[in-house]
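Working notes for the structure below.
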Amino acid sequence: MTVRVQHDDFDIGAEIAAMRLARKDIGAVASFVGQVRDLNEGDEVAAMTLEHYPGMTEKALEQIVEQAKQRWDIFDALVIHRIGELKPLDQIVLVVVSGAHRGEAFAACQYIMDYLKTEAPFWKKEQTSSGERWVEAKASDDSARERWNKQ
């Protein structure tokens, strides 16, 4: 299980290939890539700055991945989350999960992403034509996380 918080971009293909080729018994690899949108809440977004709390952020991500590993029979998981100033279409986050079967890999990938959005200590500030603003937590992200408590 690997967690990285970094300024640099990542190569999706290389990251997925490395996980896919790591074991011969892998039957499924599920992934999610998040990127910066150019529009949010009706305003054009010129850039987004992501901040985090070093040490605490990595620990929170590691705990989320460990929880997924305990819930599903997965082989490996990778989370890469970028920080710093990003522009529209820049990649923000990559989650990759491998397992023997697609159901386990898909569920674990979605769980990791849902919990990352609500539990990992990241702060986002958007630069718009109206000025800078902090991105508020969304009720829809909380709802996505909460549905896992019902399963």
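Bear in mind these aren't lab numbers, they're just calculated from the coordinates by the rules spelled out. Not measured: the values here are computed from a predicted model. So basically every Cβ, Gly included, is an ideal-geometry build from the backbone, and we count neighbours across all protein chains shown.
A few comments on the model shown:
- Summed residue charge, Cβ within 11 Å of residue 38's Cβ, Lys/Arg positive, Asp/Glu negative: -2
- Stretching residue 125 away from residue 70 to a fully extended chain increases their span by 16.5 nm, per 0.36 nm per residue minus the current alpha-carbon distance.
- Difference of contour (0.36 nm per residue) and Cα-Cα distance, residue 32 to residue 147: 39.5 nm
- Were the residues from residue 100 through residue 18 laid out at 0.36 nm apart, the gain over their Cα-Cα distance would be 27.9 nm.
- Under a Gaussian network description of the chain, with springs only between Cα atoms under 10 Å, the residue in 99, 34, 55 that fluctuates furthest is 55.
- Max mean-square fluctuation residue, GNM over the chain, Cα-Cα springs under 10 Å, options 19, 56, 48: 56
- Under a Gaussian network description of the chain, with springs only between Cα atoms under 10 Å, the residue in 14, 28, 60 that fluctuates furthest is 14.
- Pairs over the 20 Å Cα-Cα cut-off, from the set 59/117; 59/150; 69/117: 59/150.
- In plain terms, the bigger the Kirkwood radius, the slower the diffusion; for the range 1-53, with that radius from Cα pairs, at 10 °C and 1.306 mPa s, Stokes-Einstein puts D at 111 µm²/s.
- For the chain, diffusion coefficient by Stokes-Einstein and Kirkwood Rh (Cα), 37 °C, 0.692 mPa s, µm²/s: 204
- Think of each Lys and Arg Cβ as +1 and each Asp and Glu Cβ as -1; about the Cα centre, that makes the dipole of the chain roughly 540 debye.
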